[in-house]
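Enquirer: Dumping the structure here so I can ask a few things about it.
The values are calculated or read from the model by the stated rules, or taken from the named source; none is laboratory data. Quantities reported herein were computed from a predicted structural model and do not represent experimental measurements. When we count neighbours, we look across all protein chains shown, and the Cβ atoms used for this are built from the backbone with ideal geometry, even at glycine.
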Amino acid sequence: MRDSDVLDNNPHVSRSALEAMHGQVFGWALSRCDFEQTVAEDLVQQAYVELLTGRARFDGESSLKTFVFAVVQNLSRNRYRRMATRLRLLEKAGSEPGADAAEAAEPGEHIELWKAVQELPARQRDIIELVFCRDLTIAEASAVMGVTTGTGRVHYDRAKKTLKSRLAND
Amino acid sequence: MTDIDNELHDALRNGQAMAEAGRIPDFDTVWARAECTVVHRRRRVRAAGGIAAAAALVAVAFVSQFRQTEHEWQFVNPDDFASSTSWLAPSDVLLPKHRIDIYEEIPVLIESTDEDGGTLL
């Protein structure tokens, strides 16, 4: 880690470390928002803002990757919470829900198994993506999702069972 | 990792790579935008702080204008009394000048002796 590279408000985080995992972080953000490119870019940018300002402070207790993934996860949760509130208000007012919230873009290309992953329940899908695609351990993935390792393992086993049977059928 | 794990790993990796292909934005661009947001946010916070400080100053000035000045206590100099030639009862000053009747709340004294033909025994 070069000294000039270190963030002022986050002494354990460097720009080069973030750059090295940028693709992975963006991929994670992409799957957080149903593959909407602009939303994913906003999420990643917002995550970098949080790190730059020190509002999300990394203290080295986990790996940096786990930490940044968790920041993206929290930001996307907040975004959907705000969106849900807005939708409720719109429904109360008797108007049509916003098109941006109603539309969920599908990835342009996908193979059968990837499709099967997308059809899994949210938590199972998340842990499978984090472990198989983002190279996190089950414990790290559980930390990102904000659940205990035991719970994470249950989601992981169930998801793997579903996917295995899917693979066997294909 | 078992064979099935490896198979899952490869398949998912490929699927993920296809879903994300060509979509990852340039790091420098995203980073520059994030830095720009931070700078704008700091400016906004500073401006808001300045406005709040100015408003607080105006409020303090406004309040202090209407605040009553405290009376300064003075000690009595006994030498001044020794040479004085006149005296005024407090009621003579308070009643006409400040409309304060100091006898207003003095209780009526109850007679301690019985009356006999208009005169007290």
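Enquirer: When you scan region A:60-73, do you find a residue that is within 7 Å of chain B (Cβ to nearest Cβ) and under 12 Å from the mean Cα position of the chain (by Cα), even just one?
Expert: No, there is no match, as no residue in region A:60-73 is within 7 Å of chain B (Cβ to nearest Cβ) and under 12 Å from the mean Cα position of the chain (by Cα).
Enquirer: Here's a follow-up. Just wondering, is there one or more residues in region B:25-39 that are assigned to a helix (DSSP H, G or I), within 7 Å of chain A (Cβ to nearest Cβ), free of Cβ contacts under 8 Å to residues at least 12 places away in the same chain and over 51 Å from the mean Cα position of the chain (by Cα)?
Expert: The answer is no; no qualifying residue exists.
Enquirer: In region B:68-88, is there at least one residue being free of Cβ contacts under 8 Å to residues at least 24 places away in the same chain, surrounded by 10 or more Cβ atoms within 10 Å (Cβ to Cβ) and among the small types (G, A, S)?
Expert: In the first step, residues of region B:68-88 are kept if they are free of Cβ contacts under 8 Å to residues at least 24 places away in the same chain; the result is B:68-88.
Filter once more, keeping what is surrounded by 10 or more Cβ atoms within 10 Å (Cβ to Cβ): none.
Within region B:68-88 (the criterion being free of Cβ contacts under 8 Å to residues at least 24 places away in the same chain, surrounded by 10 or more Cβ atoms within 10 Å (Cβ to Cβ) and among the small types (G, A, S)), the answer is no, since none of the residues qualifies.
Enquirer: Hey, any hits in region A:116-132 for a residue that's facing chain B (nearest Cβ under 10 Å), more than 16 Å from the chain's Cα centre (by Cα), surrounded by 14 or more Cβ atoms within 10 Å (Cβ to Cβ) and modelled with pLDDT under 90? Reasoning before the result, please.
Expert: Of all residues in region A:116-132, those facing chain B (nearest Cβ under 10 Å) come to A:116-118, A:128-129, A:131-132.
Remaining after also requiring more than 16 Å from the chain's Cα centre (by Cα): A:116.
When the remaining residues are screened for being surrounded by 14 or more Cβ atoms within 10 Å (Cβ to Cβ), the result is A:116.
Next cut, modelled with pLDDT under 90 only: A:116.
Yes; the residues of region A:116-132 include at least one that is facing chain B (nearest Cβ under 10 Å), more than 16 Å from the chain's Cα centre (by Cα), surrounded by 14 or more Cβ atoms within 10 Å (Cβ to Cβ) and modelled with pLDDT under 90.
Enquirer: Looking at A:L43, is it part of a helix (DSSP H, G or I), within 10 Å of chain B (Cβ to nearest Cβ) and either touching a strand residue (DSSP E or B) at 6+ places or on another chain (Cβ under 6 Å) or modelled with pLDDT of 90 or more (or both)?
Expert: no
Enquirer: Report yes if some residue within region A:156-167 is outside any helix (DSSP H, G or I) and under 25 Å from A:G23 (Cβ atoms); otherwise report no.
Expert: No.
Enquirer: Tally up the residues in region A:58-90 that are touching a strand residue (DSSP E or B) at 6+ places or on another chain (Cβ under 6 Å) and at negative phi, please.
Expert: Of the residues in that region, 1 qualify.
Enquirer: So is B:A17 surrounded by 11 or more Cβ atoms within 10 Å (Cβ to Cβ), more than 7 Å from chain A (Cβ to nearest Cβ) and at pLDDT below 80 or not?
Expert: For B:A17, the condition - surrounded by 11 or more Cβ atoms within 10 Å (Cβ to Cβ), more than 7 Å from chain A (Cβ to nearest Cβ) and at pLDDT below 80 - is met.
Enquirer: Further question on the same structure: I'd like the full set of residues that are more than 7 Å from every other protein chain (Cβ to nearest Cβ) and surrounded by fewer than 18 Cβ atoms within 10 Å (Cβ to Cβ), limited to region A:22-38.
Expert: As a first pass, look at region A:22-38 and keep what is more than 7 Å from every other protein chain (Cβ to nearest Cβ): A:24-25, A:28-29, A:31-34, A:36, A:38.
Scanning region A:22-38 gives A:D34, A:E36, A:T38.
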